[in-house]
Amino acid sequence: MLIFGIVLSVSFEKMSQNGDYSLKKVYICSKNSFEKMLRRKIEGTLAKWKNTSGHKPLVIMGIRQCGKTFIAQHFAEEHYKTVVYINFIKQPERISAFSGSKDVDTILLNLSAQIQDVTFTPGDTCFIFDEIQECPEARTSLKFFKEDGRFDVIATGSLLGVQGYGDEKKKRHRQLRGQKEPGINSVPVGSEDIIEMYPLDFEEFLWANGMRVEVIEALQRCYREETPVPAGIHVAMKNLLNLYVAIGGLPEPINAFLQTNNMNEVSKAHQAILKEYRDDMVKYAPDKDKPHIRECFGAIPKQLAKENKKYQYSLVKPGGRSETYLGSLQWLEDADIACRCYNTDITGLPMEGNAKDNVFKVYMADIGLLIEMLGPGTRTDILQGNLGGFKGAIYENLMANVYRWR
């Protein structure tokens with residue numbers, strides 16, 4: 001169902017009628033600057049989770065910079081009296097609160113020693129563990145928060161799919177420093193609910209641009225009844241689709257456009273995000289794979305721009321072989337940066353069972369990032385309505401995103 005919403009600005013200082021949701025009730029260990037509030041479909045999923053009796057701690061996974069932190073903070077502030085937000089990258093000293101005993105009372109005691117004037121109200125306190133991949137102990141503690149049942153926990157992480165990569169290097173560093181090995185910190189299977197968050201889809205992009213509910217409903221009705229879209233709506237939607245492809249679905253570039261109406265600012269936002277991704281490859285990947293991962297990542301636009309029927313390792317680097325790069329592609333996929341689409345000769349179900357493991361294409365997880373990587377001039381062509389360039393790569397990646405996010 002299409003649901004229309006007005007985009008609102010959100011402030012930490014929003015007050016409820018009785019004042020319970022004032023700033024003093026939000027304990028921020030690392031505060032992010034607030035951007036324009038973009039309405040997201042995942043809000044309904046979060047509300048359903050909270051209203052489910054006996055719900056488990058929630059883990060939100062997804063590509064970096066898709067809005068996980070923002071939506072978790074906004075939702076918690078709207079629905080809880082007390083919000084305790086911890087970012088394990090920006091505040092690594094908070095990791096010590098989860099060392100040793102995973103008993104919830106012990107964790108609360110440790111946190112109360114680190115966060116001044118914090119209070120924990122059973123039934124009305126939400127903990128947000130941001131960048132939880134940096135603290136495996138906190139991930140393990142979710143099992144004990146589930147068993148305790150007094151507090152809700154929302155954990156977010158951009159690279160949970162690659163957790164465990166590079167552990168040998170970390171072990172060597174601990175040995176060199178004379179540090180003891182940490183205890184076993186397992187993923188709490190059965191004690192957490194996991195949902196995937198993606199960049200904004202086209203409908204969410206329409207909401208961000210203030211599209212009226214009547215127009216969206218008319219478009220949906222035409223699709224459902226298989227009738228022509230009125231010319232006025234068709235022209236407007238075509239222009240907005242061009243704009244969506246040029247910008248993509250990541251919140252930062254979208255906000256850059258909404259605030260400045262300047263594509264140079266959109267490009268700057270994309271470049272900053274791409275730098276973060278490349279930094280992640282250096283930080284989290286095994287040493288032997290780091291150069292290969294960056295080579296595979298950089299080759300995605302080049303592969304799509306050629307008339308190839310499949311991803312070719314020889315185009316990554318002359319003489320490249322699958323034995324060298326297959327693990328690197330898996331890392332990119334596990335990090336949600338890219339996705340693969342496999343070929344099959346059989347169109348019947350099950351599609352996955354009939355896929356050819358060695359015949360596939362690789363697409364970017366966000367169409368806007370692909371446009372940025374294709375180089376200067378591409379965005380201008382798209383805004384002029386030319387989505388058919390680069391051997392159809394733009395259309396292909398757009399549809400890969402649509403089906404990946406369903």
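Numbers for the structure displayed
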| item | result |
| --- | --- |
| Environment charge at VAL359 (Cβ cut-off 10 Å; Lys +1, Arg +1, Asp -1, Glu -1) | +2 |
| Region 308-372 and region 273-303: distance between their alpha carbon centers, rounded to Å | 15 Å |
| For the chain, with +1 on Lys and Arg beta carbons and -1 on Asp and Glu, the positive-most of GLY375, LEU240, CYS222 along the dipole | GLY375 |
| Cβ charges +1 (Lys, Arg) and -1 (Asp, Glu), total dipole of region 287-340, debye | 300 debye |
| Prolate/oblate/rounded call for region 189-269, Cα gyration tensor, a/c under 1.5 rounded | oblate |
| Furthest towards positive pole of dipole, GLN133, GLY190, PHE144, structure part the chain, Cβ charges | GLN133 |
| Spin-label pair GLU396/ILE195, simplified geometry with 7 Å Cα→Cβ offset, distance in nm | 3.3 nm |
| Exposure of ASP357 as accessible area (Å², to 10), given a probe of 1.4 Å and all protein chains | 120 Å² |
| Area of CYS222 that stays accessible when all protein chains are in place (1.4 Å probe, Å², to 10) | 20 Å² |
| Low-density loop positions, trypsin sites (Lys or Arg not before Pro), region 130-163 - DSSP coil, at most 14 other Cβ in 10 Å | ARG150 |
| Answer label, with Rg and Dmax of the Cα atoms in Å calculated from the coordinates and candidates (i) 22.8, 71; (ii) 25.1, 80; (iii) 27.5, 112 | (i) |
| Cα-based reach from LYS356 at 20 Å (exclusive), listing aspartates and glutamates while leaving out same-chain residues under 8 positions away | GLU307, GLU323, GLU333, ASP334, ASP345, GLU396 |
| Separation in nanometres of the label points that stand 7 Å from Cα toward Cβ, at ASP334 and VAL282 | 2.2 nm |
| Paramagnetic label zone (point 7 Å from Cα along Cα-to-C-beta, LEU274; backbone N under 16 Å) in region 304-322 | 304-305 |
| Reachable aspartates and glutamates, given that their alpha-carbon falls under 15 Å from the alpha-carbon of LYS41 and they are not under 8 places away in the same chain | GLU196, ASP201, GLU203, GLU204 |
| Charge dipole (debye, nearest 20) of region 306-406; +1 at Cβ of Lys and Arg, -1 at Cβ of Asp and Glu | 260 debye |
| The chain, helix-only ellipticity at 222 nm - DSSP H runs n ≥ 4, -39,500 (n - 2.57), divided by all residues, nearest 500 | -14000 deg cm²/dmol |
| Added length on full extension, which subtracts the Cα-Cα distance from 0.36 nm per residue, LYS310 to SER53 | 87.8 nm |
| Cα-centre dipole for the chain with unit charges at Cβ (Lys and Arg positive, Asp and Glu negative), debye to 20 | 840 debye |
| Amide hydrogen neighbours beyond the local backbone of GLY248, cut-off 5 Å, H modeled | GLY368 |
| Spatially proximal aspartates and glutamates relative to LYS50 (Cα-Cα < 15 Å; intrachain offsets below 8 disregarded) | GLU77, GLU78, ASP124, ASP152, GLU192, ASP193 |
| Where GluC sites (Glu not before Pro) fall in DSSP loop in region 269-372, at most 16 other Cβ within 10 Å | GLU307 |
| Trypsin sites (Lys or Arg not before Pro) within region 256-311, DSSP loop, no more than 10 other Cβ atoms inside 10 Å | LYS309 |
| 3J(HN,Hα) from dihedral phi, region 130-147, Karplus parametrisation 6.51/-1.76/1.60, rounded to Hz, x for glycine, proline | 8, 6, 5, 5, 7, 9, x, 4, 5, 5, 5, 5, 4, 4, 7, 5, 5, 5 |
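The values are calculated or read from the model by the stated rules, or taken from the named source; none is laboratory data. Quantities reported herein were computed from a predicted structural model and do not represent experimental measurements. A quick note on method: Cβ atoms are made from the backbone with ideal geometry, for glycine too, and the neighbour counts reach across all protein chains shown. All accessible areas refer to the heavy atoms of the entire protein, side chains included, with ligands and DNA or RNA removed. Shrake-Rupley method; radii C 1.70, N 1.55, O 1.52, S 1.80 Å.
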